[in-house]
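> My questions all concern the structure below.
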Amino acid sequence: MTWLSPIPKKLRAVAHRVRTWPFLGRSAFSLALLVMLLLITQGHHLDHPPEVAGYEVQAGKLVAQSGVGPAGPLLKTVSLVLPYLDTWMLVGGLVYVFVLLRRWGHPSELVMPSWVASFSVAAWAICSDIAHQLGAMQMTEMGEPPAMTAYWMKIVMIYVACVCPPMLLHYYVRSGALARYTLRTFLAPLVFCFVAFASLWIIMDLLDNLKEFQEAQSSLGRVVKFYLGVLPFIFVSVMPASLLLAVLYTLTKMSRANEIVAMLSAGRSVSQILQPVFAVVIAVCVMSLAANYHWAPRAEGNREAVMKALGAKQKDSIRAASVLYRDPASGRVWFVSTLPFSLHGERLRGVQVREMGRDGQVTRVIHADSAMWWPGGLWRFYDGKVVLYENGQAREIKPFPKDASGASSLEVTTFEETPWSMVSYALKPDYMGVPEIVSYLKAHPKDGSDKLAPFRAHYHHRFALPWQSFALALVAAPLGIAYSRRGAVGGIAGSIFIFFGVLFLNNLCLNLGKGGHVPAWFAPWIPNLVFIALGIVLLHYRSQNKDLPRFKISGLTKRVAQVARPRNARTVSS
């Protein structure tokens with residue numbers, strides 16, 4: 001085995017050569033651009049057409065499905081660009097990782113590659129969302145009324161979330177030596193706390209649902225993909241606690257090493273010392289705002305639907321079960337055994353449609369094992385039969401026609417019902433993003449205020465919840481700063497009580513808003529306002545070099561008078 005000994009040495013030499021070879025990163029980027037130009041000349045979009053909701057891509061052109069209008073210039077551009085963006089995410093991602101390995105430790109040389117990577121990711125994510133969600137230009141995923149303003153705000157949120165990391169890197173490069181040191185000291189515990197809390201959340205959830213995964217014989221890849229889809233919800237959930245502990249740990253460590261006192265002696269104020277910390281806090285709050293706008297509540301709702309489906313031993317997710325719906329216009333009666341959380345690749349299971357005549361008698365019944373709905377009004381029923389009735393008696397039974405592959409299906413374009421109209425009564429605002437909540441409020445303007453109050457409260461809660469991280473960080477900052485050699489137990493205990501106080505007050509105010517006892521627009525912001533005001537007061541005391549106020553409850557405890565013992569007992573006895 002002596003031939004293996006020189007291999008690690010050679011690998012280290014190659015790695016060192018790769019890191020020190022001049023212009024190697026720019027050469028890799030130029031090579032990636034040449035690959036993309038070659039794909040463009042070869043007509044890559046013709047061989048790899050994208051998926052566009054409501055349309056079929058044939059020879060590079062969008063062919064509208066039944067009931068869908070012609071594609072506009074935006075959708076045509078997206079269908080042309082998206083295949084190249086998919087490839088660029090792979091090729092450009094490898095180049096960016098290569099640049100990171102070469103320039104790690106030189107932040108100033110990573111600014112431009114990071115901006116290019118962020119714009120690339122934003123363009124790919126926006127085009128993918130437009131192709132999948134805005135394809136039909138008439139309806140959204142399940143047929144709810146369109147909320148275009150809320151949808152374009154969703155596109156803005158995607159862009160904002162993508163540009164936050166390079167903005168932080170640019171801020172780090174432009175900052176001074178003390179600010180960069182504070183940022184490095186703060187980011188390490190922040191990443192550690194987030195990874196620890198996220199891992200703990202996943203482990204606890206996996207232990208609760210391990211039996212369902214085993215009974216469903218889920219592969220490791222499916223489990224990993226399942227928890228990757230829940231990451232937006234995990235990010236929004238654990239980031240407040242991560243920021244709280246990271247701020248407290250960083251400032252307590254710097255205080256015990258007299259680094260805060262040294263910075264103050266150098267002429268910097270408390271606000272200037274905390275400026276790098278709150279720059280990261282605000283960036284994290286903005287990213288949490290983008291995640292909580294749509295993806296975090298949807299991820300949690302999808303998790304609940306998938307676990308419900310695993311418990312029922314069903315492949316697709318379950319948003320609602322045993323749905324019975326009667327359309328008031330046509331009189332058709334629908335029964336759906338299970339309705340999925342998302343219609344992207346999933347079907348309605350156990351579908352039965354009863355059509356009535358003018359005399360109220362059944363004329364036709366469609367039985368199908370599953371069904372799919374497309375924007376534009378196309379219903380396709382799979383593996384079933386059609387029963388024709390006459391005078392209330394079954395006259396003829398027709399199985400679904402079969403295609404060339406042998407699969408039986410029935411297409412219907414005359415049904416105006418949508419999956420959303422069937423399940424709208426059972427929708428929960430807890431698992432709805434802002435566009436879905438806006439669509440619900442738009443479709444039910446005449447409902448009572450008591451029924452719409454939960455949706456309005458959750459609408460404002462989507463914008464208020466991410467800023468709890470800022471409120472917690474603002475309270476933790478003065479608790480972590482100390483000008484004397486005191487222990488950190490008091491600050492840690494106070495922060496823990498404050499964190500649980502925020503959770504309690506958040507749930508209390510949200511329920512008050514859902515019940516209509518407090519205005520829905522004001523209730524979710526009450527915890528933020530209370531703790532931001534508390535943090536400003538504590539920070540004012542700390543910036544003035546004053547002790548933090550101590551709250552004591554007088555009158556509950558009675559002090560017992562004690563006689564002072566004399567210092568010289570002999571003198572007293574004599």
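> Have a look at VAL99, SER128, TYR84 and report the one farthest towards the positive end of the charge dipole of segment 21-174, computed about the Cα centre with Cβ charges (Lys/Arg +1, Asp/Glu -1).
Going by the Cα projections, it comes out as VAL99.
> Moving on to the next point. What does the net charge come to around GLU436 if you take all other residues with beta carbon closer than 11 Å to its beta carbon, with K and R at +1 and D and E at -1? Walk me through the numbers on the way to the answer.
Details: positive: LYS154, ARG298, LYS428, LYS442, ARG462; negative: GLU141, GLU144.
Local charge sum for GLU436: +3.
> State the percent of C-alpha pairs, over all pairs in segment 402-542, separated by a distance greater than 18 angstrom.
Cα-Cα pairs of segment 402-542 separated by over 18 Å account for 66 percent.
> Would you order LEU37, LEU310, LEU529 from fewest to most other beta-carbon atoms within 10 Å of each residue's own beta-carbon? It would help to have the intermediate numbers written out before the result.
Working: LEU37 10, LEU310 21, LEU529 13.
Fewest-to-most ranking of LEU37, LEU310, LEU529: LEU37, LEU529, LEU310.
> Considering only the other residues whose Cβ falls under 14 Å of the Cβ of MET153, what net charge follows from Lys and Arg at +1 and Asp and Glu at -1? All intermediate terms of the calculation are to be shown ahead of the outcome.
On the way: positive: LYS154, ARG462; negative: ASP129, GLU436.
Value of the local net charge: 0.
> Extension gain LYS546-LEU31, at 0.36 nm per residue separation less the Cα-Cα distance, in nm?
179.4 nm
> In nm, what is the difference between 0.36 nm times the number of residues separating ARG364 and TRP521 and their Cα-Cα distance?
51.7 nm
> Normalising by the residue count of segment 387-513, find the relative contact order in percent from Cα pairs under 8 Å and 6+ residues apart.
Computed over segment 387-513, the figure is 15 percent.
> At a 10 angstrom cut-off on C-beta neighbours, averaged per residue, how do the peptides 228-234, 169-175, 387-393, 157-163 rank from highest to lowest?
Ranking the peptides 228-234, 169-175, 387-393, 157-163 by packing returns 157-163, 228-234, 169-175, 387-393.
> Taking R0 as 45 Å, what FRET efficiency do you get between SER271 and HIS344 from their Cβ-Cβ distance, rounded to the nearest 0.05? Please report the intermediate quantities before stating the final value.
Working: r = 48 Å, r/R0 = 1.06.
For SER271 and HIS344, the calculated efficiency is 0.40.
> Are there trypsin sites (Lys or Arg not before Pro) in segment 366-400 that DSSP puts in a loop and that have at most 10 other Cβ atoms within 10 Å, and which ones? It would help to have the intermediate numbers written out before the result.
On the way: sites: ARG380, LYS385, ARG395; in loops: none.
Answer by residue number: there is no such site.
> Rounded to the nearest 500, what is the chain's calculated 222 nm mean residue ellipticity when only DSSP H runs of at least 4 contribute -39500 (n - 2.57) each, over all residues?
That comes out to -19500 deg cm²/dmol.
> Expressed as a rounded percentage, what relative contact order does segment 21-174 have, with Cα pairs under 8 Å and six or more residues apart?
25
> By how many degrees, 0 to 90 and rounded to 10, does the Cα axis of helix 111-133 deviate from the longest principal axis of the chain?
That helix lies at roughly 30 degrees to the long axis.
> Sorted from largest to smallest, which semi-axis lengths in Å does the alpha carbon gyration tensor of the chain give for its equivalent ellipsoid, taking the root of 5 times each eigenvalue? Can you show the working numbers first?
Working: eigenvalues 580, 265, 95 Å².
The answer is 54, 36, 22 Å, longest axis first.
> Tell me, rounded to the nearest percent, the portion of alpha carbon pairs in segment 21-174 spaced more than 19 Å apart.
Considering segment 21-174, 61 percent of its Cα-Cα pairs are separated by more than 19 Å.
> Could I get the Rg over Rh figure for segment 109-255? Both from C-alpha atoms, Rh via Kirkwood, rounded to two places.
1.06
> To continue, here is another question. Work out the length of the dipole vector of segment 21-174 about its Cα centre, built from +1 on the beta-carbon of each Lys and Arg and -1 on the beta-carbon of each Asp and Glu, and round it to the nearest 20 debye.
That gives segment 21-174 a dipole magnitude of about 600 debye.
> Something else: Among the listed pairs LYS225/LYS402; LYS253/LYS546; LYS446/LYS514; LYS442/LYS514; LYS308/LYS402, which have their C-alpha atoms separated by more than 24 angstrom in this model?
LYS225/LYS402; LYS308/LYS402, as the Cα separations exceed 24 Å there.
> Moving to a separate point now. Expressed as a whole percent, how much of the Cα-Cα distance distribution for segment 316-426 exceeds 24 Å? Could you put the intermediate results ahead of the total?
Details: 1399 of 6105 pairs.
Value for segment 316-426: 23 percent of Cα pairs lie more than 24 Å apart.
> Compute the helix-to-body angle for 434-443: its Cα long axis versus the longest principal axis of the chain, expressed 0 to 90° and rounded to tens.
50
> Shifting gears a bit: From the phi angles alone, apply the Karplus equation (6.51, -1.76, 1.60; θ = phi - 60°) to segment 381-386 and give each ³J(HN,Hα) in whole Hz, x where the residue is Gly or Pro.
Karplus-based 3J(HN,Hα) across segment 381-386 equals 9, 10, 6, x, 8, 10 Hz.
> Quick query: amide H of ARG326 versus all other amide H atoms, modeled in the peptide plane; which residues come in under 5 Å with a sequence gap of 5 or more or a different chain?
Under 5 Å from the amide H of ARG326: TRP334.
> Tell me, what ³J(HN,Hα) does each residue in segment 89-97 have, in order and in whole Hz, if you take phi through Karplus 6.51 cos²θ - 1.76 cosθ + 1.60 with θ = phi - 60° and put x for Gly and Pro?
Rounded to whole hertz, the list is 5, 7, 5, x, x, 5, 5, 5, 4.
> Here is a follow-up. Quick one: compute the contact order of the chain, relative version, from alpha carbon pairs under 8 angstrom and 6+ residues apart, as a percent.
Relative contact order, the chain: 13 percent.
No lab work stands behind these numbers, since they all come straight from the coordinates. Just so you know, these numbers come straight off a predicted model, no measurement behind them. Every residue, glycine as well, gets a Cβ built from its backbone with ideal geometry; the counts of neighbours run over all protein chains shown.
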